[in-house]
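Have a look at the structure below, then the notes.
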Amino acid sequence: MGEGMGPGAMPGGEMMAPEMMMRMMHSMMDRHHGRRHMARRSWAPAELDLEPEDVRRIVDGELAWRGLKRLKVGDVEAGDNDDTMIAEIVTPDESIAFRLSVDRQSGEMTVVD
């Protein structure tokens, strides 16, 4: 990174477009059976029974670990079934960059299109 450049900044002081940041995030994630997975923890307990605040903390940690300081966790809500939660990942202007489906039992995260 050049001098005076922060996360999301590009040479010349320009900020990275949300679409470009989302593409970068997608490319950093592993591909597994045609779906994008953000985290697979083999050391995780068999059943976590995650609550919305747990999901928020875990996803926030993943974003920080990946150095995506311009992104943050928005709303976290129940998914289509009782086994998942949906976390919105938002930009500084609160626009949605992408959504993650988080399995409440395993903590596995998958990008939702």
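The values are calculated or read from the model by the stated rules, or taken from the named source; none is laboratory data. Computed from a predicted structure; not experimentally measured. Here the Cβ is made from the backbone with ideal geometry for all residues, glycine too, and neighbour counts use every protein chain on show.
If the condition is being free of Cβ contacts under 8 Å to residues at least 60 places away in the same chain, under 16 Å from D54 (Cα atoms) and not hydrophobic (A, V, I, L, M, F, W, C), then the range 100-113 contributes S101, D103, R104, Q105.
Quick one: E53 ticks every box in (1) surrounded by 11 or more Cβ atoms within 10 Å (Cβ to Cβ); (2) modelled with pLDDT of 60 or more; (3) assigned to a helix (DSSP H, G or I) bar one, so which box is it? It fails just one condition, (1). For the range 44-83, a residue qualifies if it is among the small types (G, A, S) and under 17 Å from Q105 (Cα atoms), and the qualifying residues are A44, A46, A78, G79.
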